[in-house]
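Written out below as structure tokens is the structure these notes cover.
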Amino acid sequence: MSKKYSVILFDLDGTITDSGEGVTNSVIYALKKYNIEVKDRSELFRFIGPPLIDSFMTFYGFSHDKAIEATDFYRDNYRETGIWENYVYDGIPELLKKLNEMGKRVLVATSKPEHFARQILEKHDIAKYFEYIAGANMDETRTKKEDVISYALETCGIKDTSEVLMVGDTKFDIIGANQFNMDSAGVLFGYGDRDEMEKEGATYICETVKALSELLYQM
């Protein structure tokens, strides 16, 4: 039996939108500055979710300073073209509208810079469904998912995390939720996988937007 939640936190990339094209194009642009060629674009899907600086350091062995520089290159491309290279998953607008009608408090908690997240959601005409859109800072002081979740909860005055459900497509969303003892729903239509969701202890796992909708409509 699923429990009731009054607040639903949504990740953005891989959960609300498929941002693979814009993110990978911008990573490719940044890596070319270091004469690094990428043969298989799918290798870069792992950049979707975690903070960019961490990804450049982890996946390409960049120093912290070099990763900051690479992130700046990434954003040069992203703010011009990458930001628009995404689409909303089918069924998501209807789900958000229904949650609003059900009286749920619906928020975004993303590691993407907040002003980029707002631009994307406004372009797709779905920003109106969110009470608040919480994202990362450009100065890298708030990038990890747990920091963004904390910011979202504090900004909206939410103290009882037993009433909050985090919805996301990677282990970082599940790990972030666990930091606050809140339940989580891992979705498999984004860029994570079932094994990592189960390993981190996702409360629910949904393969499709339809399955996620059916789950949330019970709550």
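The values are calculated or read from the model by the stated rules, or taken from the named source; none is laboratory data. All of these numbers come straight from a predicted model, not from anything done at the bench. Positions of Cβ are backbone-derived with ideal geometry, glycine not excepted, and every protein chain shown enters the neighbour counts. Side chains are part of the model used for accessible areas, which takes the heavy atoms of the whole protein and leaves out ligands, DNA and RNA. Shrake-Rupley method; radii C 1.70, N 1.55, O 1.52, S 1.80 Å.
Against the numbered list (1) outside any helix (DSSP H, G or I); (2) over 23 Å from Thr208 (Cβ atoms); (3) in contact with a Ser or Thr (Cβ under 8 Å, 6 or more places away or on another chain), Gly49 comes up short only at (2). Within the range 1-14, if we keep just the residues that are open to solvent by 10 Å² or more (accessible area, probe 1.4 Å), more than 17 Å from the chain's Cα centre (by Cα) and of a type outside the set (A, V, I, L, M), the residue that is nearest to Ala134 (Cα to Cα) turns out to be Ser6. When Thr208, Thr155, Thr141, Thr203 are checked against the criterion of being open to solvent by 40 Å² or more (accessible area, probe 1.4 Å), free of Cβ contacts under 8 Å to residues at least 12 places away in the same chain and of a type outside the set (D, E, K, R), a single residue qualifies: Thr141. Could you check the range 115-128 and list, in sequence order, the residues that are charged (D, E, K, R) and either open to solvent by less than 30 Å² (accessible area, probe 1.4 Å) or over 14 Å from the mean Cα position of the chain (by Cα) (or both)? Passing the criteria: Glu122, Lys123, Asp125, Lys128.
Within the range 60-75, restricting attention to residues that are exposed (fewer than 15 other Cβ atoms within 10 Å of the Cβ) and assigned to a helix (DSSP H, G or I), the residue that is nearest to the chain's Cα centre (by Cα) is Asp72. On the stretch given as the range 15-43, residues that are open to solvent by less than 10 Å² (accessible area, probe 1.4 Å), under 22 Å from Gln119 (Cβ atoms) and either touching a Ser or Thr at 6+ places or on another chain (Cβ under 7 Å) or not in a loop (DSSP other than H, G, I, E, B) (or both) total 8. Among the residues of the range 82-102, those that are touching a Ser or Thr at 6+ places or on another chain (Cβ under 8 Å) and either free of Cβ contacts under 8 Å to residues at least 40 places away in the same chain or open to solvent by 40 Å² or more (accessible area, probe 1.4 Å) (or both) comprise Glu85, Tyr87, Glu94, Lys98. The lone criterion from (1) open to solvent by 10 Å² or more (accessible area, probe 1.4 Å); (2) under 18 Å from Ala134 (Cβ atoms); (3) touching a strand residue (DSSP E or B) at 6+ places or on another chain (Cβ under 8 Å) left unmet by Asp173 is number (1). Just to be sure, is Lys32 over 18 Å from the mean Cα position of the chain (by Cα) and within 30 Å of Met219 (Cβ to Cβ)? Here the answer is no, as Lys32 does not meet what is asked.
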